[in-house]
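Novice: What follows is a structure written as structure tokens; I'll ask about it next.
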Amino acid sequence: MTDSAKDMPELHYVTAGSGAPLLILHGLFGSSKNWHSHVQRFAEDFQVFSIDLRNHGQSFHADEMNYPVMAMDVAQLIARLGLQDCRILGHSMGGKVAMTMALQHPALISRMIVADIAPVAYHHDYDDLIEPILALDLDSFDTRTQIDHALRPSIPEDQLRAFLLQNLVREAGAWRWRVNWPVIQRDMDDLTGFAPLQSDWISGLPSLFIRGARSDYVGSAEIELIEHHFSDVSIATIDNAGHWLHAEQPLEFSRLALEFLLQDDFLQ
């Protein structure tokens, strides 16, 4: 553990329900807010902890951003809360944090769901999103609508722009980004990457990988790699869903997740 990881404050989270703990980890540029409806559904069977990862949501900003330190953040939170027998569900970046937990802190995790991501490096063009955001002079805007209009030429997709603007808050009369854009941009190669798995098997951890049929994040090559490295794994595909499968097909996503989490043996 690095000294910086030891000294970090606790991650922000929201919790609901009772029973065995289920940790939810959001994706890049997201937050626990994106999982509100799923938290309510899962809370019928579990004590759910929807976590803001470092440099996101209401959690702390830090100058270090990679999967080992993010997994350590989550491990420290588990220890502080005194949780045992944790289930973990991670989407995209959060899925890579979950897989790092399985590798580095296996005793803390009893079941794992990874949503539309694989333990591989991906190409990215996120600079096209981050540069226009960093170029904004937030003090020159009075309203969120003005900021939205200013970003529209560079980020024309309305849904994507709205998603990114969820990270903008006004506090004490000033705008502030909850996402630590400069650090994330600097460490983007680490976030879109993933260290090659050295072990032939990650054994003893029941795992479910859920992919979107219209997403290109988990194809046949990635499935082969997943099945090679995870000894107790199932792969499920959600039709008519892309990378944001939990938002595009929420009922099917929650059905698959709960069937896996609630049964000893998941039948694909």
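Novice: Going residue by residue through segment 240-252, is there one that turns out to be assigned to a loop (DSSP other than H, G, I, E, B), surrounded by fewer than 19 Cβ atoms within 10 Å (Cβ to Cβ) and modelled with pLDDT of 95 or more?
Specialist: Pass one, segment 240-252, residues assigned to a loop (DSSP other than H, G, I, E, B): 240-244, 249.
Those left that are additionally surrounded by fewer than 19 Cβ atoms within 10 Å (Cβ to Cβ): 240, 242.
If we keep only those that are modelled with pLDDT of 95 or more as well, we get 240, 242.
Looking through segment 240-252, at least one residue is assigned to a loop (DSSP other than H, G, I, E, B), surrounded by fewer than 19 Cβ atoms within 10 Å (Cβ to Cβ) and modelled with pLDDT of 95 or more.
Novice: Enumerate the helices (runs of 4 or more DSSP H) found wholly within segment 99-189, keeping only those where 1 or more residues are of a type in the set (G, A, S).
Specialist: Details: elements: 127-135, 144-151, 158-165, 181-186.
Those helices (runs of 4 or more DSSP H) span 127-135, 144-151, 158-165.
Novice: I'm checking my understanding of the structure. Among residues of segment 136-152 that are in contact (Cβ under 8 Å) with a residue 12 or more places away in the chain and touching a helix residue (DSSP H, G or I) at 6+ places or on another chain (Cβ under 9 Å), which one is farthest from G27 (Cα to Cα)?
Specialist: F141
Novice: Let me ask another. From the list L28, L89, L83, pick out the single residue that is in a loop (DSSP other than H, G, I, E, B) and touching a Gly at 6+ places or on another chain (Cβ under 9 Å). Explain how you work it out, then say what you get.
Specialist: Details: L89 fails: in a loop (DSSP other than H, G, I, E, B); L83 fails: touching a Gly at 6+ places or on another chain (Cβ under 9 Å).
Being in a loop (DSSP other than H, G, I, E, B) and touching a Gly at 6+ places or on another chain (Cβ under 9 Å) holds for just one of L28, L89, L83, which is L28.
Novice: Turning to a different aspect of this structure: Restricting to segment 87-141, and then to whatever is charged (D, E, K, R) and surrounded by 14 or more Cβ atoms within 10 Å (Cβ to Cβ), can you tell me which residue is nearest to F163 (Cα to Cα)?
Specialist: Of all residues in segment 87-141, those charged (D, E, K, R) come to 87, 96, 111, 116, 125, 127-128, 131, 137, 139.
Checking the rest, the ones that are also surrounded by 14 or more Cβ atoms within 10 Å (Cβ to Cβ) come to 87, 96, 111, 116.
Numbers: R87: 27, K96: 21, R111: 29, D116: 18 Å.
Per the criteria, the residue is D116.
Novice: Somewhere in segment 38-47, is a residue of a type in the set (A, V, I, L, M), more than 26 Å from L129 (Cα to Cα), in a helix (DSSP H, G or I) and without any contact (Cβ under 8 Å) to a residue 40 or more places away in the chain?
Specialist: As a first pass, look at segment 38-47 and keep what is of a type in the set (A, V, I, L, M): 39, 43.
Filter again for more than 26 Å from L129 (Cα to Cα), leaving 39, 43.
From what is left, the residues that are in a helix (DSSP H, G or I) are 39.
Pick out the ones that are also without any contact (Cβ under 8 Å) to a residue 40 or more places away in the chain and you get 39.
The answer is yes, given that some residue of segment 38-47 is of a type in the set (A, V, I, L, M), more than 26 Å from L129 (Cα to Cα), in a helix (DSSP H, G or I) and without any contact (Cβ under 8 Å) to a residue 40 or more places away in the chain.
Novice: Turning to a different aspect of this structure: Does V169 satisfy the condition of being touching a strand residue (DSSP E or B) at 6+ places or on another chain (Cβ under 6 Å) and within 30 Å of D63 (Cβ to Cβ)? Give the steps one after another, and end with the answer.
Specialist: Values: touching a strand residue (DSSP E or B) at 6+ places or on another chain (Cβ under 6 Å): yes; within 30 Å of D63 (Cβ to Cβ): yes.
The answer is yes for V169.
Novice: Name the single residue that is farthest from P106 (Cα to Cα) among those in segment 200-221 being touching a residue at least 40 places away in the same chain (Cβ under 8 Å) and outside any strand (DSSP E or B).
Specialist: At the first step, the residues of segment 200-221 found to be touching a residue at least 40 places away in the same chain (Cβ under 8 Å) are 202, 204-212, 215, 217-218.
Narrowing the set further to residues that are outside any strand (DSSP E or B) leaves 204-206, 215, 217-218.
Working: G204: 9, L205: 8, P206: 11, S215: 29, Y217: 25, V218: 23 Å.
This residue is S215.
Novice: Which one of the conditions (1) touching a Gly at 6+ places or on another chain (Cβ under 8 Å); (2) surrounded by fewer than 21 Cβ atoms within 10 Å (Cβ to Cβ); (3) under 21 Å from V183 (Cβ atoms) does L53 fail to meet, given that it meets all the rest?
Specialist: (2)
Novice: Continuing with the same structure: On the basis of being modelled with pLDDT of 95 or more, closer than 19 Å to R255 by Cα and crowded, with 17+ Cβ neighbours inside 10 Å, does H26 make the cut? Steps first, answer last, please.
Specialist: Working: modelled with pLDDT of 95 or more: yes; closer than 19 Å to R255 by Cα: yes; crowded, with 17+ Cβ neighbours inside 10 Å: yes.
Considered against the rule, which asks whether it is modelled with pLDDT of 95 or more, closer than 19 Å to R255 by Cα and crowded, with 17+ Cβ neighbours inside 10 Å, H26 comes out as yes.
Novice: Does L77 qualify as being surrounded by fewer than 21 Cβ atoms within 10 Å (Cβ to Cβ), part of a helix (DSSP H, G or I), at pLDDT 95 or above and among the hydrophobic types (A, V, I, L, M, F, W, C)?
Specialist: On the way: surrounded by fewer than 21 Cβ atoms within 10 Å (Cβ to Cβ): yes; part of a helix (DSSP H, G or I): yes; at pLDDT 95 or above: yes; among the hydrophobic types (A, V, I, L, M, F, W, C): yes.
Yes, satisfied.
The values are calculated or read from the model by the stated rules, or taken from the named source; none is laboratory data. Bear in mind the structure is a predicted one, so any value in this text is a computation, not a measurement. We place every Cβ from the backbone using ideal geometry, glycine too, and count neighbours over all the protein chains shown.
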